[in-house]
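What follows is a structure written as structure tokens; I'll ask about it next.
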Amino acid sequence: MPKFDRTLHRLLAGASLLAVGACGGSDTAPAADANLFRVARSDLHITIKENAELQAVRETLVRSQVEGQATIIYLIPEGTYVQQGERLVELDVSDLVEKRANQAISVAKAEAALAQAQKEKEILQKELRTKENTARSGLRIAEMEVEKFLGRRGGGAEGKNADMLRKLSELVATPPSAPPSDATAEDSAASLVNQVDPRNYRPLVDKVRTLLAEAGHETGGLDRDMGDMANKVLRQVDSIRLAMANLKVKEDTLGHSRRLAAKTFITRNELERDELEWQSQVSQVTLAWNELDLLINYELQKQLIELEQARDNALLELERVLATNDASVTRADSDLTSRQAEYSLARERLQNLERQIESAVMRAPTPGLVVYARLDRDRRGGEAVREGVQVRDRQELIVLPDTTKMRCVIKVQEAQVSMVRPGQTAYVQVEARPGEVYSGHVTSVAPTADSNSGWMSSDRKVYTTNVDLDGENQDAALRSRMAATVTISVETIPNTLPVPLQAVMRDRSVNYVWVQTPQGPIAKQVEVGRHNSEQVEVVQGLVEGDVVHLTKPVGEQDPQFAQPILPTTAQAAATTTENAATSSPASRQPTAGPGDGTGTNPGTGRPPNAMRKKFAEMTPEEVQQRRDQLAGMPDMMRSRLDAEQISKLETAIAEIVKAIDEKRLDDAQTLSDGLRSLMPRRQGGAGGGRAPGGGSSETGGGGGGNRSGN
């Protein structure tokens, strides 16, 4: 992995090495005086420095697969190098083992219920098939009865219904028999003959034709073979014919007897006997015709109605059976589906329990070095996993990093994130490897603030940024979760005059340095530009070769410089708007740190005396500028304060910013006045103040210099 070189050494060491080099090569300052610095042209590197944590670019995470919470009963020691398949973690799943046993019983019951439902459906299908067959047979029999009554269609028999109708028509067209020739009995005989006149029964032909037509046949059923109806009609027709033939015989016998009686060849009793027999036969003929009339007008119609009704009822019964069968099949299918779902659910739960029990022993999916994950990340970084603690489902337990490629994860402050872009060069110093510096580059910057980083203040936003180290970690010297410091090279100002931050002091709104001359130290006003954590660019006031004091010379009085004229509010607002519209993101960063408010702060366009005004006296623009200045103060003071002091400062400033945002300006003023106790004491004499990047006891970090002019 690429290591540290001379150029990088100059970048990180900054002004301290430049100061040593300048003192060693100066003709006007003694080499042993470490308080002097020779000004020389060089490149000024603008950097962002943040604490970081090393991570492997490629990591294999081992998570808990047990639902709910489970206790760790075995944990492989951290730092162990494991091969694929080795046991890493084991969780206590004794309660799941008991649940699995109970669930196995539930699965067996559900399986038995499913088998029973399947058998019941098979039995039901056979019963329903029997009912359907019975109903279909009943319908077929009823249809056959109707067909039997009316006659078959297209049969091979010779007799047709048309033949029956023809014979009936011939019968009713037969003229009546002549009465016996007897003058004394002529009137009574004529009356009897009229009773059996076949022509009186001609309407029966139309009745039969109508009866066949009402059966629903296209041709009236005349083309059918003769059925029961035709047979009955013909049978009665034959009976009538036989009765009429017997009547003819009786008529002839009676006529003959009457002629013999007239000649007294027979007795009166014999004649009366023949007359009675003739009259009896006439009655027989009449009865036969009446039976034919009743048969056609009533019995045949009644029988046809009964047969057709039986056929229709059989059809309805078949439809009812089919509908009932469908409903029964639907219920059986629903019950079977329900049993199937219950069995599937029970089996799935059993499989889930078995899978969880099997997952209780976690093995290494890939080879690697075991690193414990953090259970709950908080301000202190979270608690590492250990035996006896409970973990939840999907929680990270073990990390198996591939340390071939490493990266650093840093949190960039909101005020600086606009300067960080992918591809920028970065340099990494690892606490575990002192004296070694690794090169890298920014690979990604989070587009939104990290929601998990607001433990200190809801107004303090940071953005997660990844810095990948160049080269490969072949010797495995770097390990995951090691603490590191990342310095990102944001910009390089070429060929400028950088001086140490502590060399620039302030008299209210004027920056100045102590320049060493043959006549002694002289306070000289300077204009400063951009800065990093150790050096600041001098834009005007110094030339190459000047020697400046890093602290106030002993015995010198604080200088008093003429302060700039305070512009009006309208002029200050116009200056602010113009600077905001024309300056780049980098140039909008504070170049000399927060001033004391007695003049214009270089590089920011802030109106003079803005820092000394009370919040209630400021314009909205000045309040916003003061808010932005306070938000950036912790970063500028980071090099001069320890971690605890920075934490207190950040908390106090967050309260001030919150009060400003909530329009509680009196509370903001009270909190701002209290910042003085958190600022470091001035060095280099009673009047020597700090300028860019450093702060004095003056609120906002501005060094007061000579306070007599305040």
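The values are calculated or read from the model by the stated rules, or taken from the named source; none is laboratory data. Computed from a predicted structure; not experimentally measured. Here the Cβ is made from the backbone with ideal geometry for all residues, glycine too, and neighbour counts use every protein chain on show. We work out accessible area using only protein heavy atoms, side chains counted, and drop any ligands, DNA or RNA first. Shrake-Rupley method; radii C 1.70, N 1.55, O 1.52, S 1.80 Å.
Net charge near Trp278, counting Lys/Arg +1 and Asp/Glu -1 over other residues with Cβ under 9 Å of its Cβ? All intermediate terms of the calculation are to be shown ahead of the outcome.
Numbers: positive: Lys250; negative: Glu251, Asp274, Glu275, Glu277.
In short, -3.
So which GluC sites (Glu not before Pro) in segment 386-448 pass both tests, a DSSP loop state and at most 16 other Cβ atoms within 10 Å of the Cβ? The partial results should precede the final answer.
On the way: sites: Glu387, Glu396, Glu414, Glu431, Glu436; in loops: Glu387, Glu414, Glu431, Glu436.
Within segment 386-448, the qualifying GluC sites (Glu not before Pro) (loop, at most 16 other Cβ atoms within 10 Å) are Glu387, Glu414, Glu431, Glu436.
What's the local net charge at Arg58, with K and R +1, D and E -1, over the other residues with C-beta under 13 Å away? Don't jump to the answer; show the numbers that get you there.
Values: positive: Lys405, Arg407; negative: Glu59, Asp402, Asp468, Glu472.
Spelling it out: positives minus negatives among the neighbours equals -2.
Among the chymotrypsin sites (Phe, Trp or Tyr not before Pro) within segment 448-551, which fall in a DSSP loop and have no more than 12 other Cβ atoms within 10 Å of their own Cβ?
Trp455
Can I ask one more? How big is the accessible area of His45 in square angstrom, nearest 10, if you roll a 1.4 angstrom probe over the protein chains?
40
DSSP loop (so not H, G, I, E, B), at most 12 other Cβ within 10 Å: list which trypsin sites (Lys or Arg not before Pro) in segment 220-310 pass both filters.
On the way: sites: Arg224, Lys232, Arg235, Arg241, Lys248, Lys250, Arg258, Arg259, Lys263, Arg268, Arg273, Lys302; in loops: Arg224, Lys263.
Taking segment 220-310 and a limit of 12 other Cβ atoms within 10 Å, the loop trypsin sites (Lys or Arg not before Pro) found are Lys263.
Moving on to the next point. At 1.4 Å probe size, what's the solvent-accessible area of Asp470? Round to the nearest 10 Å².
Rounded to the nearest 10, the figure is 50 Å².
If I ignore ligands, DNA and RNA and count only protein heavy atoms, how much of Leu550 is accessible to a 1.4 Å probe, in Å² to the nearest 10?
Here the residue's solvent-accessible area equals roughly 20 Å².
Once amide H atoms are placed 1.01 Å from N in the peptide plane, what residues at a sequence separation of 5 or more from Val389, or on another chain, have their amide H within under 5 Å of its amide H?
Answer set, sorted by chain and number: Ile72.
Can you list residues whose amide H is under 5 Å from Val536's amide H, if they're 5+ apart or on another chain and H is modeled 1.01 Å from N?
When sequence neighbours closer than 5 places are left aside, the close amide H contacts are Val499, Leu501.
Something else about it: With θ taken as phi - 60° and the coefficients 6.51, -1.76 and 1.60, list the Karplus ³J(HN,Hα) couplings across segment 357-364 in order, rounded to whole Hz; mark glycine and proline as x.
5, 5, 6, 4, 9, 9, 10, 5
Shifting gears a bit: Tell me, what HN-Hα J-couplings in whole Hz come from the Karplus equation 6.51 cos²θ - 1.76 cosθ + 1.60 at θ = phi - 60° for each residue of segment 482-493, using x for Gly and Pro?
Working through the residues one at a time gives 5, 7, 8, 10, 10, 10, 9, 7, 7, 7, 10, 8 Hz.
List, in order, the whole-Hz ³J(HN,Hα) value for each residue of segment 652-659 obtained from phi through the Karplus relation with A = 6.51, B = -1.76, C = 1.60 and θ = phi - 60°; use x for Gly and Pro.
Residue by residue, segment 652-659 yields 5, 5, 4, 5, 5, 4, 5, 5 Hz.
Here's something else I'd like to know. Within the accessible area of segment 306-433, what % is carbon and sulfur when the probe is 1.4 Å and the other protein chains stay in place?
After summing per-atom areas, the C and S share lands at 45 percent.
Below 14 angstrom from the Cβ of Glu147, what's the summed charge of the other residues (Lys, Arg +1; Asp, Glu -1)? All intermediate terms of the calculation are to be shown ahead of the outcome.
On the way: positive: Arg140, Lys148, Arg152, Arg153, Arg224, Arg311; negative: Glu143, Glu145, Asp223, Asp225, Asp228, Glu308.
Net local charge, Glu147 excluded: 0.
Right, next: Between Glu98 and Thr130, what is 0.36 nm times their sequence separation minus the Cα-Cα distance? Round to one decimal in nm.
Taking 0.36 nm per residue and subtracting the Cα distance, the gain is 6.6 nm.
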